[in-house]
1. Looking at (1) of a type in the set (Ser, Thr, Tyr); (2) surrounded by fewer than 22 Cβ atoms within 10 Å (Cβ to Cβ); (3) in contact with a Gly (Cβ under 7 Å, 6 or more places away or on another chain), which is the only condition Tyr8 fails?
2. Answer with yes or no whether Val143 is touching a residue at least 60 places away in the same chain (Cβ under 8 Å), outside any strand (DSSP E or B) and surrounded by 15 or more Cβ atoms within 10 Å (Cβ to Cβ).
3. When you check Glu133 against the structure, is it outside any loop (DSSP other than H, G, I, E, B), surrounded by fewer than 18 Cβ atoms within 10 Å (Cβ to Cβ), touching a strand residue (DSSP E or B) at 6+ places or on another chain (Cβ under 7 Å) and not polar (S, T, N, Q), yes or no?
4. Could we say that Glu126 is touching a His at 6+ places or on another chain (Cβ under 6 Å), at pLDDT 95 or above, farther than 16 Å from Ala145 by Cβ and not hydrophobic (A, V, I, L, M, F, W, C) here?
5. If you check Arg91, Arg139, which single one turns out to be in contact with a Cys (Cβ under 7 Å, 6 or more places away or on another chain), farther than 30 Å from Arg285 by Cβ and among the basic types (Lys, Arg)?
6. Of all residues in the range 239-286 being basic (Lys, Arg) and in contact (Cβ under 8 Å) with a residue 60 or more places away in the chain, which is farthest from Leu342 (Cα to Cα)?
7. Scan the range 330-350 and tell me whether some residue there is under 18 Å from Thr12 (Cα atoms), surrounded by fewer than 14 Cβ atoms within 10 Å (Cβ to Cβ) and modelled with pLDDT of 95 or more.
8. Which numbered condition trips up Asn190, out of (1) outside the structural domain of Leu346 (by TED's automatic domain parsing); (2) surrounded by 14 or more Cβ atoms within 10 Å (Cβ to Cβ); (3) not in a loop (DSSP other than H, G, I, E, B)?
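The values are calculated or read from the model by the stated rules, or taken from the named source; none is laboratory data. Remember, predicted model here, so these are calculated numbers, not experimental data. Don't worry about glycine lacking a Cβ; one is built from the backbone with ideal geometry, like all the others, and counts go over all protein chains shown.
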Amino acid sequence: MQRVYADYNATTPLDPQVLEAMLPYLREHFGNASSVHTYGREARAAIDDVRVRLAKLLGAQEGEIVFTGGGTEADNMAVFGVVRANRKRGRHIITSSIEHHAVLHACQYLEKTGECEVTYLPVSRECLVDPAELRRAIRPDSVLASIMSANNETGTVQPVKELAAICRERGVTFHTDAVQSFGKQSVNVNDWGVDLLSIAAHKFYGPKGVGALYVRRGTKLDPLLFGGSHENDRRAGTENVAAIVGSAKAAELVTGPMEKEQDRLFKLTEDLGDAITRRIHGAHRNGHAQQRIGNTINFSFEGCEEEGLLLGLDLEGVAVSSGSACAVGSLEPSHVLRAMGLPHDLARAAVRFSFGKGSSDEDVDYILKALDRVVERLRAFSA
């Protein structure tokens, strides 16, 4: 049986060149970057080199890059860090209803504990935040707005530059979760005008467990972790040197051919989407058709449930995801699709197809045949 991986938004395979770059720091250059001896200085030099390289790719200064344990930590650091550094100034934050849970749950926690009041911006049926809604939501005591640059479920790209400009006019710190954007669209912190930006290496063929937070110089940010003066007192903990080295190598490899690769993936997903629309009745496309990262497309299928879709496709050799999260053994409808206004039955019948550099036309053909069989079986069983 053929196997097709169509879940690149969940994680990507480690690029062999990235592994090769990491190996010396797992073997001979194993020193602690905080040590003053030769082993430590070798590790420190590697981290300093990576900080310069990654900053260049983001359009940042090297001192504005903070290495983290992944995208979730970077998002948490941005939300908690800004709020707690600005206690005296205000207690209001703004986010969107379609954020990754790394942002949403952080905001909900601050709301629950009484540290903040939170405004959750609505989105359109196409998964877009209206900049006018952000402008209306800003209050004199607003200290942070956090809105992702590309949605992980639908792929819809937000007008980050416009959103950041509104916040800058009103003196509100702006953070964007760019975990799904980096490596798929041009990301430049100065062009976008953001104050904070999160990335995660395993989304662009790097290792898991490492990410970075861009922090614009002058942005007030309290640390999330305590225990050392690492990362210029912004993130305590011994640095994962090998993973940090791997993240830079992965970032350089993915950004080089990015435009050409995203054009290829956009065509693949459009071919898949067109074929699904033609061949499967009751299939509904979710998200913006054009304003999206090229590798992602999302569909709901009438008369199906996502658990059956995911398991059925897996049995056919196709690995995909849905918009659901597992909570106490029960599948809940995607908060993203519900925020977009989808009815309960369609929100619980969604599949996200996300492609990457291993994806091909043959994969699209195989997915379509497998999807035909799975949907037909599920609808027959439901009937």
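1. (2)
2. On the way: touching a residue at least 60 places away in the same chain (Cβ under 8 Å): yes; outside any strand (DSSP E or B): no; surrounded by 15 or more Cβ atoms within 10 Å (Cβ to Cβ): yes.
So Val143 does not fit the description; no.
3. Details: outside any loop (DSSP other than H, G, I, E, B): yes; surrounded by fewer than 18 Cβ atoms within 10 Å (Cβ to Cβ): yes; touching a strand residue (DSSP E or B) at 6+ places or on another chain (Cβ under 7 Å): yes; not polar (S, T, N, Q): yes.
Yes; evaluated as a whole, the condition is true for this residue.
4. Working: touching a His at 6+ places or on another chain (Cβ under 6 Å): yes; at pLDDT 95 or above: yes; farther than 16 Å from Ala145 by Cβ: yes; not hydrophobic (A, V, I, L, M, F, W, C): yes.
Yes; evaluated as a whole, the condition is true for this residue.
5. Details: Arg139 fails: in contact with a Cys (Cβ under 7 Å, 6 or more places away or on another chain).
None of the other options fit; the residue is Arg91.
6. Just the residues of the range 239-286 that are basic (Lys, Arg), to begin with: 249, 260, 264, 267, 278-279, 285.
When the remaining residues are screened for being in contact (Cβ under 8 Å) with a residue 60 or more places away in the chain, the result is 249, 279.
On the way: Lys249: 40, Arg279: 22 Å.
Once the filter is applied, the top-ranked residue is Lys249.
7. If we filter the range 330-350 for residues that are under 18 Å from Thr12 (Cα atoms), which is where we start, we get none.
Within the range 330-350, none of the residues are under 18 Å from Thr12 (Cα atoms), surrounded by fewer than 14 Cβ atoms within 10 Å (Cβ to Cβ) and modelled with pLDDT of 95 or more.
8. Failed condition: (2).
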